[in-house]
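Peer 1: Got a structure for you, questions after.
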Amino acid sequence: MELPSGKTNKSEYSVRRSSRPFTKDYRIYFERSHDKTPVSSFHDIPLYHDKDKGILNMVVEVPRWINAKFEINRNERLNPIHQDNLDQNPRFVKNLFPYKGYIWNYGALPQTWEDPHHTTPETHTRGDNDSLDACEIGRAVASPGDVKQVKPLGVLALLDQGKTDWKVLVVDVRDPLAARLDDVADVEEHLPGLLAASVDWWRLYRVPDGRGGNGFGFGGRWLDRGYANNAIGECEDAWKRLIAGKVSSGDISLANTTLKGTPGKIDPDKVHLPPDEVLSPAPI
């Protein structure tokens, strides 16, 4: 298995990769391109690229067709991307017929938090203590660490191990189809079958590992863009409480280099990221 190039597709942020992909030591760190300031992928990258137009930033963790379960490490300082572990080994999501790996570019919306103290009234479940997840459906295959500009189209209420785990459907604003996609109904019109396939994938992706299928709120129905924006707003407000120290952060690192007045603010001059390494992936 090979990874895409690993270069961010926009000039605002760049990455530094450390160690070999598909190992427990692999990390992807983020920095601002223009001044090389180290930043947290969770806290420093803004949620909104253009709030007036509703355009969001999305941090890509897993490119489409890839099986490696890369994710933002919420526990480590500045929240680099790492590969999740299963039984002390790097985790790979098994192929689920007829799909190959993840079926979208998968990642996170920065400056959001699914509050584990908050119960979603419609599902009676609490947040999963992570950033909001995003499924990007544009045609380009991304790279781990890309920061994409996307617009929300809808949201799915996945219930993962008894926790609320929203999946926000988004499209890269530069995708050729983006101008024609404004809501989930447009997705069904222009990409027929993708919504149903996405529900199917989320329901069954753990089954090959010997675990049960996932459930959904709202009968497994994709909710519209308005509902997605409400969920995004609630999770942005929850993150603001988190980063301000108004709620317990638990094991989440609040370290950041740009948010003045927050308890986790650190001096970027005292952060020394490792040099960027482009190493071949370890054997699987």
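The values are calculated or read from the model by the stated rules, or taken from the named source; none is laboratory data. These numbers come from a predicted model, not from an experiment. Don't worry about glycine lacking a Cβ; one is built from the backbone with ideal geometry, like all the others, and counts go over all protein chains shown.
Residue-wise test of (1) in contact with a helix residue (DSSP H, G or I) (Cβ under 6 Å, 6 or more places away or on another chain); (2) of a type outside the set (Ser, Thr, Tyr); (3) buried (at least 16 other Cβ atoms within 10 Å of the Cβ).
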position	(1), (2), (3)
34	no, yes, no
72	no, yes, yes
104	no, yes, yes
112	yes, no, yes
119	no, no, no
122	no, yes, no
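Peer 1: Answer yes or no: is there a residue in region 67-79 that is outside any loop (DSSP other than H, G, I, E, B) and of a type in the set (S, T, N, Q).
Peer 2: no
Peer 1: Restricting attention to region 215-236, which residues are closer than 14 Å to residue 131 by Cβ and charged (D, E, K, R)?
Peer 2: Result: 234, 236.
Peer 1: All but one of (1) closer than 17 Å to residue 205 by Cα; (2) surrounded by fewer than 17 Cβ atoms within 10 Å (Cβ to Cβ) hold for residue 135; which doesn't?
Peer 2: (2)
Peer 1: Could you pull out the residue among 223, 204, 195, 181 that is in contact (Cβ under 8 Å) with a residue 24 or more places away in the chain and surrounded by fewer than 17 Cβ atoms within 10 Å (Cβ to Cβ)?
Peer 2: It is 204.
Peer 1: Okay, next question. Tally the residues that are over 29 Å from residue 180 (Cα atoms) and not in a loop (DSSP other than H, G, I, E, B), restricting the search to region 105-155.
Peer 2: Residues in region 105-155 being over 29 Å from residue 180 (Cα atoms) and not in a loop (DSSP other than H, G, I, E, B): 5 in total.
Peer 1: Quick one: would you say residue 102 is outside any loop (DSSP other than H, G, I, E, B) and under 19 Å from residue 204 (Cβ atoms)?
Peer 2: Here the answer is no, as residue 102 does not meet what is asked.
Peer 1: Further question on the same structure: Search region 80-99 for residues being aliphatic (A, V, I, L, M) and part of a loop (DSSP other than H, G, I, E, B), and hand back the single one that is farthest from residue 193 (Cα to Cα).
Peer 2: Filtering region 80-99 for residues that are aliphatic (A, V, I, L, M) and part of a loop (DSSP other than H, G, I, E, B), the one farthest from residue 193 (Cα to Cα) comes out as 93.
Peer 1: Kindly indicate the residue of region 267-284 that is surrounded by fewer than 16 Cβ atoms within 10 Å (Cβ to Cβ) and of a type in the set (Val, Ile, Thr) and also nearest to residue 78 (Cα to Cα) among those meeting that condition.
Peer 2: Out of the qualifying residues, it is 278.
Peer 1: Determine the pairs where a residue that is closer than 14 Å to residue 279 by Cβ, located within region 9-37, has a partner that is at pLDDT below 95 and among the hydroxyl-bearing types (Ser, Thr, Tyr) with Cβ atoms under 9 Å apart, the partner being 6 or more residues away or on another chain.
Peer 2: Partner pairs satisfying both residue conditions: 15/8.
Matching residues to (1) over 17 Å from residue 151 (Cβ atoms); (2) out of contact with any Gly (no Cβ under 8 Å at 6 or more places or on another chain):
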position	(1), (2)
206	yes, no
219	yes, yes
229	no, no
233	no, yes
243	yes, no
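Peer 1: Check region 161-172 and report whether any residue there is part of a loop (DSSP other than H, G, I, E, B) and modelled with pLDDT of 95 or more.
Peer 2: Scanning region 161-172 turns up no residue that is part of a loop (DSSP other than H, G, I, E, B) and modelled with pLDDT of 95 or more.
Peer 1: Residues 251, 276: which one is over 20 Å from the mean Cα position of the chain (by Cα), among the acidic types (Asp, Glu) and not in a helix (DSSP H, G or I)?
Peer 2: 276
Peer 1: Could you look through region 1-21, keep only residues that are in a loop (DSSP other than H, G, I, E, B) and crowded, with 20+ Cβ neighbours inside 10 Å, and pick out the one that is modelled with the lowest pLDDT?
Peer 2: Here the residue is 8.
Peer 1: Answer with yes or no whether residue 215 is more than 18 Å from residue 125 (Cα to Cα), of a type in the set (Gly, Ala, Ser) and either in contact (Cβ under 8 Å) with a residue 12 or more places away in the chain or surrounded by 14 or more Cβ atoms within 10 Å (Cβ to Cβ) (or both).
Peer 2: Criteria not met by residue 215.
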